[in-house]
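Asker: Please read through the structure below; I'll follow up with questions.
Taken together, the values in this text are just the output of simple stated rules run on the coordinates, not laboratory data. Note that the structure is a prediction, hence the values are computed from the model and not measured. Cβ coordinates were reconstructed from backbone atoms using ideal geometry, including for glycine residues, and neighbour counts include every protein chain displayed.
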Amino acid sequence: MGRCSSAPPRLRTRSENIVPMINVVFLLLIFFLMTAQIAPPDPFEITPPAADGGDAARTGTPVLLIGADGALAFGDARGDAVFDALSALDRAAPLLIRADEALPARDLAALLPRLAGMGFADLSLATVPAPAGAD
């Protein structure tokens, strides 16, 4: 009698194929990079004033920046060129003003008639919530 030496076939472990997972992650990365709205940094540091019930900035609203020294910025325009850039906007649309808390109120008050004279009627001042207990 012959001896049958048939050993059971060796099972090869199948390694997981991670290429499809890499493809999905790569596509998600591209999707988020393409849909993200990357905003350029502000031209100078602004610390908004604190107020009760500070309001959140409205998305898509044009923003006029005013530094503590009265420096103006809107988009790429600086100084008096800001008013030329603002003249291209729809005057009926809201305009958000982000002024530094160290800006004297008289400087901000002096700017408002000029903006009103340009036809801007819906102006908002960006603030942050006041700390609890601060008066």
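Asker: Could you give the length gained on full extension between Asn17 and Glu101, defined as 0.36 nm per residue of separation minus the Cα-Cα distance, in nm?
Answerer: Extra length from Asn17 to Glu101 when fully extended: 24.6 nm.
Asker: Rounded to two decimal places and with Rh computed the Kirkwood way over Cα pairs, what is Rg over Rh for the chain?
Answerer: Rg/Rh for the chain comes to 1.52.
Asker: Still on this model: Which distance in nm do the two modelled labels at Arg10 and Asp69 give, with both placed 7 Å along the Cα-to-Cβ direction?
Answerer: About 7.7 nm, to one decimal.
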